[in-house]
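Bear in mind these aren't lab numbers, they're just calculated from the coordinates by the rules spelled out. For clarity, every value in this text was computed on a predicted model and none was experimentally measured. Methodologically, a virtual Cβ is constructed for each residue, glycine included, from the backbone with ideal geometry; neighbour enumeration extends over all protein chains shown.
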Ligand SMILES: [Zn+2]
């Protein structure tokens, strides 16, 4: 028995020693790895391959990549919409902090309609003012661009692409034209240029909201004489570039007698019946749209109410 006990004791001692040795080895290996990494970075820094700044940048990059992964996982990223279509961004007015005096007045409740702001001659510098006062504002893209199609003619596109030559090729810019309105007497037009389709459209939308006017409506037709607000009170005209637009009042039921792009603008202004005559090079759609806008604007260039 005594021999057996001795044997067991020796075994236990040996096992303990082995465990200690293993632990030591592990610690040593870890230390080696750490020193290796540090040495590597130091060597790289000394040799000029990587400066300290670069190492820091790498760390930041890793951090950003991780964050992006989280962002994708959470599913709150970009919405996938219809291909090529412009998706409307929802505006959260509760987060809006007004910067101008007009904005502060609007939030305080001094103005209740946009017509009050416009009749006072205030200059709108924040698009949110219009969003706040006209919640049911609609917008429409005017097709100003075009690509030559098969069999002659051009296929209209929402943005106009222009190119300038560079020694390495062509550099493109995109122009967008947007009309906003509430189909009840308020209309605005905006144009913007950008390198990207989406950016150009959103910039044009913001610009259109700053450029709103009030359209005078009535019934100036001797055939109708109803006294309603379905048409315009008298003849009007507007001009931009070579394009000249003439508007005439009509009786009810005639509709908007014009091309598709002009129709979009006049419908958003809230005019249901009008005769339109166009002169000049109307295939320049930007000038056509601005001429229609001018003609609607000129309806207000009279003294007093009719
Ligand atoms: Zn009428």
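The table that follows gives values for the structure above.
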item: Theoretical gain in end-to-end length, residue 147 to residue 229 [0.36 nm per residue, Cα-Cα removed]; result: 25.6 nm
item: Potential extension, residue 278-residue 101 segment - 0.36 nm per residue separation minus Cα distance; result: 59.6 nm
item: Relative contact order for region 214-306, counting Cα pairs under 8 Å that sit 6 or more residues apart, in percent; result: 34 percent
item: Pairwise FRET efficiency - residue 7 versus residue 31, Cβ, R0 = 25 Å, nearest 0.05; result: 0.10
item: Residue 211-residue 116 pseudo-label distance in nm [points 7 Å out on the Cα-to-Cβ vector]; result: 2.8 nm
